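Student: Let me begin by handing over the structure; questions about it come next.
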Amino acid sequence: MELICPIDQRCSHQIAALLRPPSPPIVQEYFDQLISKRKCQGIKVKQNGDLGKGVFAETDFEEEQLIFKDEMLVGVQHPSNKIDCLVCSYCFKFIGSIEKQIGRKLYLKTIGIGNSSRNGCQSNSSDDEEDNHYVQNHHSSENGASSSSGSTIPLPMMAVESLMNGELALPYSNKFPLPSVVSCLGGCEEAFYCSKSCAEADWESSLCLLCTGEKSESCSRKALLKFIQHANETNDIFLLAAKAISFTILRYRKLKASHMSEQEKPASSILGTDLSLLLEAWKPISIGHKRRWWDCIALPDDIDASDEATFRREIQELAFTSLQLLKEAIFDKECELLFSLEIYGHIIGMFELNNLDLVVASPVEDYFLYIDDLPYPEKKEAEKITQPYLDALGKDYSNCCQGTAFFPLQSCMNHSCCPNAKAFKREEDRDGQATIIALRPICNGEEVTISYIDEDLSFEERQALLADYGFRCRCPRCLDEER
């Protein structure tokens, strides 16, 4: 049975206009302004022939030198990871205190939330792939602090609550200060922040439509909860797509209000969609390379090639179900093009092809490693208090913040099986920004490349994985191995 989206049928020409790639001058202007605004000195985004866009060095970079840091356009923490890490919902810094981080995690595990949540979310990026972007220079739990047994040892609820509520201070925790927790402006219990500025920025960019609190500006909080539940139970890439749509709707409203004020007319006096304003609001999303999600998603290893058509059909149906739930929650008639299945599929496909793992190292791990490194007398005294909590946490004590995000500049970087750069978090990188580091010296004018896959795989395996991205690699290494 064919899926029919009325908006796709009724607005095919306008949808085609949204999906039409921007002209090279518009793309160049956008990235020049973005790089200037973010003060990413030493790089430039250029058109790169058949490869589309590319990031090029405009100065020489030394090995291990920072090339640039890239703020995300949209990002989400994996729902299951929210049990382990309390972070700012906008910049993804850890917040609260060491005591609150530990106490909250143990409390949620004690009442059974942790186990049930871990079975819900299915991330669009596998756990096995997270090592590609993990904090590789960070201490490993195998060499640092460890619990006294392989399994966790429960603590009395009173001890957990006193830690979570700030009634108990752990020794030396003041050496790891964290920003105070700021609540969501909409009054929900899901989003928390490191500052008022982050709370306001998130609210104004997308959250006001996606908040489940009393001050939410969504059409239906009940429908929104259904959408979020569906995303948590299937794939949290839908949460990213919802943020992108909410972001575009709010940009459109601001642009329209500004346009009307210049003409000294109220925004409500103009009926219908102003396509030129919607195209401008859509520009940050339009820049990203897109394909329909159900066309570009990799075929899982446990799906036989003969069942591929059925699998892709089921993925399309899953997206359609998610879209209907989102439409009921935040539909805007003037921005109805954004609620077409064609647009929704391309937004999700953009994230499928361009996402980077969002990883922020945990200060809780740093804390226990600090205790472990203390001189013996101080260590012995401190561990009288800290060891029961470490035993209760078990191997989860070092869990980092994990999620997925879309980074505008990083998404322009082309692949090479012999890359000259990598996404790599240094010790000082404690927020959700993407950090690109040089793997070797890079000369002025040279393209900056990263590897989308594990470059240690064989030629055939690499080409098979890259086929899911829609291209065959022709980097010097592949050409040499092919010969």
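The values are calculated or read from the model by the stated rules, or taken from the named source; none is laboratory data. Because the structure is predicted, anything quoted here is derived from the model rather than measured. Methodologically, a virtual Cβ is constructed for each residue, glycine included, from the backbone with ideal geometry; neighbour enumeration extends over all protein chains shown. When the accessible area is computed, the model is the full protein with side chains, heavy atoms only, and any ligands, DNA or RNA have been set aside. Shrake-Rupley method; radii C 1.70, N 1.55, O 1.52, S 1.80 Å.
Student: Take the range 66-88 and flag every residue that is among the polar types (S, T, N, Q), surrounded by fewer than 23 Cβ atoms within 10 Å (Cβ to Cβ) and closer than 14 Å to Val360 by Cα. Walk me through it before giving the result.
Tutor: Within the range 66-88, the first condition is being among the polar types (S, T, N, Q), and the residues that meet it are 77, 80-81.
Checking the rest, the ones that are also surrounded by fewer than 23 Cβ atoms within 10 Å (Cβ to Cβ) come to 80-81.
Selection gives Asn81 alone.
Student: For the range 173-187, which positions are in a loop (DSSP other than H, G, I, E, B) and surrounded by 16 or more Cβ atoms within 10 Å (Cβ to Cβ)?
Tutor: Kept after step one, since they are in a loop (DSSP other than H, G, I, E, B), are these residues of the range 173-187: 176-181, 184-187.
Answer for the range 173-187, where residues must be in a loop (DSSP other than H, G, I, E, B) and surrounded by 16 or more Cβ atoms within 10 Å (Cβ to Cβ): Phe176, Leu178, Pro179, Cys184, Leu185, Gly186.
Student: Here is a follow-up. Can you find, within the range 12-42, the residue that is nearest to Ala244 (Cα to Cα) among those that are in a loop (DSSP other than H, G, I, E, B) and among the basic types (Lys, Arg)? If you could, list the steps in order and put the result at the bottom.
Tutor: Start the filter on the range 12-42 by keeping residues that are in a loop (DSSP other than H, G, I, E, B), which leaves 20-23, 39-42.
Next, only the ones that are among the basic types (Lys, Arg) stay: 20, 39.
Details: Arg20: 17, Lys39: 24 Å.
Taking the candidates together, the pick is Arg20.
Student: Has the range 203-221 got any residue that is in contact (Cβ under 8 Å) with a residue 24 or more places away in the chain and under 30 Å from Asn414 (Cα atoms)?
Tutor: Yes - at least one qualifying residue is present in the range 203-221.
Student: Cβ contacts < 8 Å: first residue over 15 Å from Ser80 (Cβ atoms), restricted to the range 224-241; second residue open to solvent by 50 Å² or more (accessible area, probe 1.4 Å), any location; separation 6+ or different chain. Result?
Tutor: Between residues of the range 224-241 that are over 15 Å from Ser80 (Cβ atoms) and residues that are open to solvent by 50 Å² or more (accessible area, probe 1.4 Å), the close pairs are Lys226/Glu328; Phe227/Glu328; His230/Thr321.
Student: Which count do you get for residues in the range 332-350 that are surrounded by fewer than 18 Cβ atoms within 10 Å (Cβ to Cβ) and outside any helix (DSSP H, G or I)?
Tutor: Within the range 332-350, residues that are surrounded by fewer than 18 Cβ atoms within 10 Å (Cβ to Cβ) and outside any helix (DSSP H, G or I) number 0.
Student: Spot the failing condition for Thr273; the list is (1) hydroxyl-bearing (Ser, Thr, Tyr); (2) at pLDDT 95 or above; (3) in contact with a Lys or Arg (Cβ under 9 Å, 6 or more places away or on another chain), and only one is missed.
Tutor: (2)
Student: Give the residue, chosen from Asp50, Asp32, that is modelled with pLDDT of 95 or more, among the acidic types (Asp, Glu), within 30 Å of Cys475 (Cβ to Cβ) and not assigned by the TED database to the domain that holds Ile228.
Tutor: Values: Asp50 fails: modelled with pLDDT of 95 or more.
Checking each option against the conditions leaves just Asp32.
Each row is one residue, and each column tells you yes or no for (1) part of a loop (DSSP other than H, G, I, E, B); (2) under 30 Å from Ala169 (Cβ atoms); (3) touching a strand residue (DSSP E or B) at 6+ places or on another chain (Cβ under 7 Å).
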residue	(1), (2), (3)
Asp357	no, no, yes
Leu374	yes, yes, no
Lys384	no, yes, no
Arg440	yes, no, no
Gly445	yes, no, yes
Leu457	yes, no, no
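Student: Which of the residues belonging to the range 414-471 are open to solvent by less than 40 Å² (accessible area, probe 1.4 Å) and closer than 30 Å to Tyr193 by Cβ?
Tutor: Ala423, Phe424, Lys425, Asp429, Asp431, Gly432, Ala434, Thr435, Ile436, Ile437
Student: Name every residue in the range 188-197 that is open to solvent by 20 Å² or more (accessible area, probe 1.4 Å) and either at pLDDT 95 or above or closer than 17 Å to Ile249 by Cβ (or both), in order of residue number.
Tutor: Selection gives Phe192, Cys194, Ser195, Lys196, Ser197.
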